[in-house]
Structures are given as structure tokens and as C-alpha cells.
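First comes the structure, then the notes that go with it.
The values are calculated or read from the model by the stated rules, or taken from the named source; none is laboratory data. What you see is a predicted model, and the numbers here were worked out from it, not measured in a lab. Because the Cβ atoms are built from the backbone with ideal geometry, glycine has one as well, and the counts that use them run over all protein chains shown.
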Amino acid sequence: MTARTVLHIGSLSKTFPAQKALDDVDLELRAGEVHCLLGQNGSGKSTLIKILAGYHAPDPGATAELNGTPITLGSAEAREHGVAFIHQDLGLVTELDAVDNLALGHRYADRWWLSGRRERRAARKLLAEFDLDLDPALPVSAATPGEQTMLAIVRAVAATDGAPALLVLDEPTAALPQHQVEQLFGLLRRLCERGAAILYVTHRLPEVFRIGDQVTVLRDGRRVTTRAAGSVDADELVELIIGRAPTEFAPVLPAAGTEVLLSASGLSGGQVRDFSLDVCAGEIVGVSGLIGSGYDQALGLAFGARPRESGEVRLGGQEVPADRPDLAIAAGIAYAPADRKRLSTIQQWTCGENVTLPRLPSRGKARWLGPRLERREVHPWLDRLGVVPHDPGRQLSLLSGGNQQKLVLARWLRMDAQVLLLDEPTSGVDAGAKASIYEALAGIAAEGRAVVLSSSDAEELCAVCDRVAILRDGTIRSVLAKGELSVARIVSETIRDSDDPGRGECA
Ligand SMILES: Nc1ncnc2c1ncn2[C@@H]1O[C@H](COP(=O)(O)OP(=O)(O)OP(=O)(O)O)[C@@H](O)[C@H]1O
Ligand SMILES: [Mg+2]
């Protein structure tokens, strides 16, 4: 017996001033099923979701039925009838604490009086129910991207009194380490068993096979196919997504040198305790761990973007002062934070301006900047990382989430820094662009520079790193050499319970 249809969308198109983002898309979501929505960066996934949420109006002619009742797309009707959304940018107010963020989503404002105490109690209860260990009184900006994701999910589900008809998640795991992904999948399964339908956007294909029942692939705004997840394999899926046979990423990594380029000793600050790591010229070093282990704060701390309590950073033997990103950049260190959209973009500026922000293009002695010169400098980077649309003059806010990520990365790759510190460099980018980013990183290492990247994606760490340092409780607890790298090993080291500290030294 086929399951009951929860949502049916027909003939959905969306034309933005410069571009057709969706072209005659049909979609059917059924109760108890996880329906994965896949496609390259800019293929229209978020646009479809934003139309369902009422943020954009569709082109005329689209139809939609929710539980058999017609609804108007582009209005708040879906939301009012039990559809819950976790958007790509989460939609949290990061200046407020978890209590207020949960209250905003939980319709407390409907009541004629507000009680701070009741809000706090309700927030604590919700966080406990979802097993989320978060101080409800701290501003959400202090939480890691992973914690923020879980908070947004808790809020969305709570807003439908725990029983959404349809839960829509736009790349919820982009910032989640493995252990929280399991927690999220557990939650999704429970909701499915209770009859919810789930629309799930991801760039991580293994997730499709773990959690997906159905898969729909979008390419250039058109629906390419809808299939049972069990009837496709990963290669086939990549081919459907990018429209051609995939090329394998097999970097020829040069043997890393033995000259220490970057040396961090005894760094402490935030969740990080006594973090020591030596990185050699020509190396790509990974840093990983669970949320709360400090793995996602270590690079920002080394760079000076997070306050340092103690410890020392040296680049080529020269000390790099604490808490001075400007001096770190001048010394030859570049840093891209994970939350690139919030921390490193100026949304109203053009793509070109965002790329050239830290170092303006210049020609010869004359430090003169014109749009032509900017275009000439920026174009090759847009090419290299496959940014769509390929237009340095386009306002950044009009690009899809993944394309914005690529652009900020391009900015730092362009800087010729000796050492690149990158938090989650491929979070939110599609399979094709991931390979280009890995190639760019391998190229940097081949030039005798070095890359340190933090990542929650074990496959990525295996694919690109020479070594991976795993943090637990704020400190490096194990360092896996190239020959020891496997997904299973990384996962088991991140969740292992032991206390033998390690120091990350060059091989
Ligand atoms: N407000 C807007 N104005 C103009 N163009 C837009 C707007 N929003 C999105 N677009 C364009 O529509 C296309 C689809 O964007 P969308 O955000 O839906 O992509 P996506 O599939 O979610 O990609 P990603 O995986 O990067 O998140 C992109 O080319 C984007 O540049
Ligand atoms: Mg998107």
C-alpha cells in the first residue's frame, strides 16, 4: 500500500529578475517517508523551500495540496498547517539566548502575558527532551554551529507541538559532527513513525542511503528524476546531480617536508585546553572531534579570532601575537571561519568586492582599483571553484548558500598566505565543487605552504589530510597518520573515552 500523500506540488516555477531558479517542478511527499532533495549549488533547492515557507511567491500556475486541501504557495498557509522549517541559515537571532529563541518559535507571543520564568522552564524542558546540553542563558552566538543547528530543529519541531505534518530541513548536517547526525536521524525516524513527512536537503550522499526513502534531483531548476533511494547507487546519483560522469579526486600529494611552518603550543581559550600542533611545509592537517571538544574553536584561537588565555603561536619561528588577526594576516596566516555567511560576508556588496576585501587588486606601483581589474582578478577564482552565476558584479546576497561559501573560500585562497586555517572548508558545497576545493588545497601544499582544516566529515579528512588530530575535552587526544586514516578510525577516536594527551608533531 502506498503511504498517504502529505504534500503535492505541481508545475512550480520561479523566475528571479536575472534567472529562472525553478522550472515546472512536481513533487509528492508521503507520510512516514524521508524525501531527499539533491542538486548542485544553485540548482533551486532553497528556492523551492522558501516558496513553500511563504518567503518567495512562485510564478503563476503552480498548485499545492497539503493533506488533500489546496494551499496557496508563497503564503504562510503551509506554516500555519503544521509544516515546520529549518532553513539553510537557521533563522536564529544570535544576539538572544536559547530561551528567547525557543520562545520566538513556540508561539508564546500568542499569549496575552509573558512569563520569563515559564519561558526558562519550558526551554530547559525542551533542551533536555532533545538531549541538547546547552546553557539556555548564553547568547546563541556563543554556541557552535552544530549546537545552533540542533537548537533550530528543536524550535521548529516544538512550534508544531512536537507533531509536524511535514518537516523541511535545508542542509541541517552541514555543520554537524557524526555523533549529532546520529541523534538527528534518530529524531527524524521517530517523527516518521508518528506519520510526519520529511523533506531533506543535503550534499552528503551517504546520508541519502542511510535515511532516505525517496530521492528527487534538481538540475538548473528542473526536476531530473524522482526515485526510490534503494534503487540508485552513489555513482549514479552523482551523475544525475552534475549531469555527467563523475571524475575521481585522486590528488598526487607531495611528501610533506620536515620544516615546521606553524607551531602552536599550549593554546587555551574557550573550550580549547592546552592545544599543541606543529604543521610542516607541504602538509594538510585535519582537526576533528565532537561538538564541545573544542575542535571547531582551535583554528580561530590560533589565528587570533578568539580570545587566547595562554599559549603561543609561531610562524616560521616568529611569534604571532595573541588576539590580533591583523598581525596574523600580515605574518602570512589566513583564516576562514565555518559560519562564513555571518562572520565574513558583506551581503550588499558584489561578489568581486567580497573576494578582494582583504587585499585589493593592484597593478604595479599604482594602487588603483577599477572594476575591470577586479573582474580580471576575480574571474579565475569563480572559474576554479565553479561559482554560479559566473558574475563578479552580482550582489552576494542573491547567490545560493553554497556559492556564497565558495566565494569566501576563494577570498582566502587568493591571499597567498603561508598557512591557511579553514573551518569546515566544504560545508554546504556540492560534490563537484568539493573536488575543486580539494584540488586547490593540494595545490597549496604542493607549493610548500600548509593547510590546517577542521572538519566534521570523516570522509573528507581521509581524502585530503596527511594527518588528523582528534580533540576530546579541549585537547588533542590522538593524531592519526596518513596510513591510519579511515572513516571508522576517525569516528572511533572522536567518541573514545580516554585521557592520554597527544602532541601533533610533523611526521
Ligand atoms: N533573491 C534572489 N534573487 C535573484 N536570484 C536568486 C535569489 N535567490 C536565489 N537566486 C538564484 O536562484 C538560483 C537557485 O538558488 P538556490 O538558493 O535555490 O540554490 P540551492 O539549490 O539551494 O543551492 P545551495 O546548495 O548552494 O544552497 C541560484 O542561481 C541563485 O543565484
Ligand atoms: Mg540552498
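Every condition in (1) in a loop (DSSP other than H, G, I, E, B); (2) touching a His at 6+ places or on another chain (Cβ under 7 Å) holds for residue 29 except the one numbered (1). Those helices (runs of 4 or more DSSP H) of region 355-472 in which at least 3 residues are more than 16 Å from ligand 2 (Cβ to nearest atom), assigned by TED's automatic domain parsing to the domain that holds residue 279 and modelled with pLDDT of 85 or more, considering only elements entirely within it, cover 458-464.
Is it fair to say residue 210 is over 20 Å from the mean Cα position of the chain (by Cα) and either farther than 14 Å from residue 169 by Cβ or free of Cβ contacts under 8 Å to residues at least 40 places away in the same chain (or both)? Criteria not met by residue 210. The set of residues in region 39-81 being in a loop (DSSP other than H, G, I, E, B), of a type in the set (A, V, I, L, M, F, W, C) and either touching a residue at least 12 places away in the same chain (Cβ under 8 Å) or within 13 Å of ligand 1 (Cβ to nearest atom) (or both) consists of 57, 62, 73, 76.
Looking at 170, 161, which is the one that is more than 22 Å from the chain's Cα centre (by Cα) and either free of Cβ contacts under 8 Å to residues at least 24 places away in the same chain or within 16 Å of ligand 1 (Cβ to nearest atom) (or both)?
161
Going through 302, 322, 298 one at a time, which residue ends up being aliphatic (A, V, I, L, M), under 17 Å from residue 269 (Cα atoms) and in contact with a Gly (Cβ under 8 Å, 6 or more places away or on another chain)?
It is 322.
Summed over region 132-176, residues that are within 23 Å of residue 426 (Cβ to Cβ) and of a type in the set (Gly, Ala, Ser) total 5.
Assess whether residue 39 counts as being in contact with a helix residue (DSSP H, G or I) (Cβ under 8 Å, 6 or more places away or on another chain) and under 24 Å from residue 164 (Cα atoms). Before you say what the answer is, go through the steps one by one.
Details: in contact with a helix residue (DSSP H, G or I) (Cβ under 8 Å, 6 or more places away or on another chain): yes; under 24 Å from residue 164 (Cα atoms): no.
Against the criterion (in contact with a helix residue (DSSP H, G or I) (Cβ under 8 Å, 6 or more places away or on another chain) and under 24 Å from residue 164 (Cα atoms)), residue 39 does not qualify.
Entry remark, region 52-92: residues being under 22 Å from the mean Cα position of the chain (by Cα) and farther than 22 Å from residue 191 by Cβ number 2 in total.
Can you tell me which residue in region 200-246 is surrounded by the most Cβ atoms within 10 Å (Cβ to Cβ), limited to those that are among the charged types (D, E, K, R) and part of a helix (DSSP H, G or I)? Can you show your working first?
Kept after step one, since they are among the charged types (D, E, K, R), are these residues of region 200-246: 204, 207, 210, 213, 219-220, 222-223, 227, 233, 235-236, 239, 244.
Pick out the ones that are also part of a helix (DSSP H, G or I) and you get 207, 210, 235-236, 239.
Working: 207: 18, 210: 13, 235: 11, 236: 13, 239: 14.
Per the stated criteria, the residue is 207.
Residues in region 306-323 that are without any contact (Cβ under 8 Å) to a residue 60 or more places away in the chain and over 26 Å from the mean Cα position of the chain (by Cα): 309, 310, 311, 312, 313, 314, 317, 318, 319, 320, 321, 322. Looking at 52, 102, 29, just one residue is within 16 Å of ligand 2 (Cβ to nearest atom) and buried (at least 21 other Cβ atoms within 10 Å of the Cβ), and that residue is 52.
With the requirement that a residue be surrounded by fewer than 24 Cβ atoms within 10 Å (Cβ to Cβ) and hydrophobic (A, V, I, L, M, F, W, C), what does region 292-302 give you? None; the set is empty. Out of 45, 14, one residue alone is among the basic types (Lys, Arg) and either within 15 Å of residue 241 (Cβ to Cβ) or more than 16 Å from ligand 2 (Cβ to nearest atom) (or both). It is 45.
This table checks each residue for (1) surrounded by fewer than 22 Cβ atoms within 10 Å (Cβ to Cβ); (2) among the aliphatic types (A, V, I, L, M); (3) away from ligand 1 (no atom under 16 Å from the Cβ).
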| site | (1), (2), (3) |
| --- | --- |
| 395 | yes, no, no |
| 398 | yes, yes, no |
| 424 | no, no, no |
| 433 | no, yes, no |
| 448 | yes, no, yes |
| 451 | no, yes, yes |
| 479 | yes, yes, yes |
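Residues in region 213-240 that are without any contact (Cβ under 8 Å) to a residue 12 or more places away in the chain and of a type in the set (Asp, Glu): 233, 235, 236, 239.
Between 490, 495, which is touching a Leu at 6+ places or on another chain (Cβ under 9 Å) and under 21 Å from residue 149 (Cα atoms)?
Values: 490 fails: under 21 Å from residue 149 (Cα atoms).
Among 490, 495, only 495 is touching a Leu at 6+ places or on another chain (Cβ under 9 Å) and under 21 Å from residue 149 (Cα atoms).
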